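Worksheet: the structure to be examined is printed underneath.
Derivation of every value follows stated rules applied to the coordinates shown; laboratory data play no part. Note that the structure is predicted; figures quoted are calculated from it, not measured. Cβ placement follows ideal geometry from the backbone for every residue including glycine, while neighbour counts extend to all protein chains displayed.
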Amino acid sequence: MMHDEQLAACAQAVGFTHWAKLDVNTIVLRQEVRDMCAANTCGKYDKCWSCPPGCGSLEECGEKLRGTTRGILVQTVGDVEDSFDLEGMAEVEAVHRERFARMYEMLRASGGPVLALGAGCCTQCRECTYPQAPCRFPEKMISSMEAFGMLVLEVCKANGLSYYYGSDKMAYTGCFLLA
C-alpha cells in the first residue's frame, strides 16, 4: 500500500492539477447533501447503483468509511469560457474521469482496499443494471463524494484545498480513501 508521499506522487504522475492529504476525521456525512441528491437535478437519483438510494443509506455509506484511516483529495481544474460553457465543463470532466480511473487502477494494484469517490455518477457501464440486477462491476464502481453525503466544499476547506478557482475555471474533485 502506498504511503502519503507516494499518493501525492501518483496524483502528480497521472496529471491531477491539485491534491491534498485527506484527514478522514474531517469527513462529515450530511443528510442535507443526500436530500439534494433526492431533488434529482442530475437525473441519476434512483437510476444507478452508484447514486442514492442504490449506493446505500447514509448509515451504510458511513459504515464503508469506517475502515479507512487516510486518504487523498484530487482535483482537475480546467479553463471554461464562463458558467454557461457546458462543452468546456464536459471536456474538463472527461479529463478528470480519465485521471481518476488511472489512479484508481494504480491504487488497486498496489494492494489493500481502496474506496474511490469521484465526481458524478459511475460511468463504468453504458447502462446500469439498477435495480433489476446486481452491479456488473462492484469492484470498479465509483460513487461520488456527494452520493455518500459529503459537502465537497467543506471537505476541501477542512483539508486546505481550494474549491473555487475563478469564474473562468471548472474544478472536479474526488478522493481515495485507504485503510
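For the chain, go through all pairs of different Cα atoms, get the mean of 1/r, take its inverse, and jot down that Kirkwood value in Å. It would help to have the intermediate numbers written out before the result.
Working: mean 1/r = 0.0605 Å⁻¹.
So the Kirkwood estimate lands at 16.5 Å.
Report the one residue of GLY111, LEU65, GLN132 whose Cα lies farthest in the direction of the positive end of the charge dipole of the chain (charges on C-beta: Lys and Arg +1, Asp and Glu -1; origin at the Cα centre).
Of the candidates, GLY111 comes out farthest on the positive side.
In debye to the nearest 20, how big a dipole does the stretch 4-178 give about its Cα centre with +1 on each Lys and Arg Cβ and -1 on each Asp and Glu Cβ? Please report the intermediate quantities before stating the final value.
Working: 17 positive and 23 negative charges, 131 e Å.
The calculation lands at about 620 debye.
Starting from 0.36 nm per residue, how many nanometres of slack lie between TYR163 and HIS18 once their C-alpha separation is accounted for?
51.2 nm
If you count, for each residue, the other Cβ atoms within 10 Å and average over each peptide, how do 52-62, 146-156 line up from highest to lowest?
Numbers: 52-62: 17.1, 146-156: 21.5.
Output ranking for 52-62, 146-156: 146-156, 52-62.
Using θ = phi - 60° and the Karplus form 6.51 cos²θ - 1.76 cosθ + 1.60, what ³J(HN,Hα) does each residue of the stretch 133-138 get, whole Hz, x for Gly and Pro?
9, x, 4, 5, 9, x
Mean residue ellipticity at 222 nm from the helices of the chain, using -39,500 (n - 2.57) per DSSP H segment of n ≥ 4 over the full residue count, to the nearest 500 deg cm²/dmol? Before the final figure, lay out the partial values.
On the way: 5 runs with 58 residues, N = 179.
When only DSSP H runs of four or more count, the value is -10000 deg cm²/dmol.
List the pairs from LYS21/LYS44; LYS64/LYS169; LYS21/LYS64 whose alpha-carbon separation is above 26 Å, in the order I gave them. Present the calculation step by step, with values, prior to reporting the outcome.
Numbers: LYS21/LYS44 30 Å; LYS64/LYS169 32 Å; LYS21/LYS64 19 Å.
Those over the limit are LYS21/LYS44; LYS64/LYS169.
Using a basic spin-label model with each label point 7 Å from the Cα along Cα→Cβ, how many nm lie between ALA9 and PHE137?
Each label point is offset 7 Å from its Cα along the Cβ direction, giving 2.8 nm.
For labels at PHE84 and GLU105 in the simple 7 Å Cα→Cβ model, what's the distance in nm?
Between PHE84 and GLU105, the label points sit 3.9 nm apart.
Apply the Karplus parameterisation 6.51 cos²θ - 1.76 cosθ + 1.60, with θ equal to phi minus 60°, to every residue of the stretch 84-95 and state each ³J(HN,Hα) to the nearest whole Hz, in sequence, with x for glycine and proline.
Karplus values, whole Hz, x for Gly and Pro: 9, 7, 5, 5, x, 4, 5, 5, 5, 4, 4, 5.
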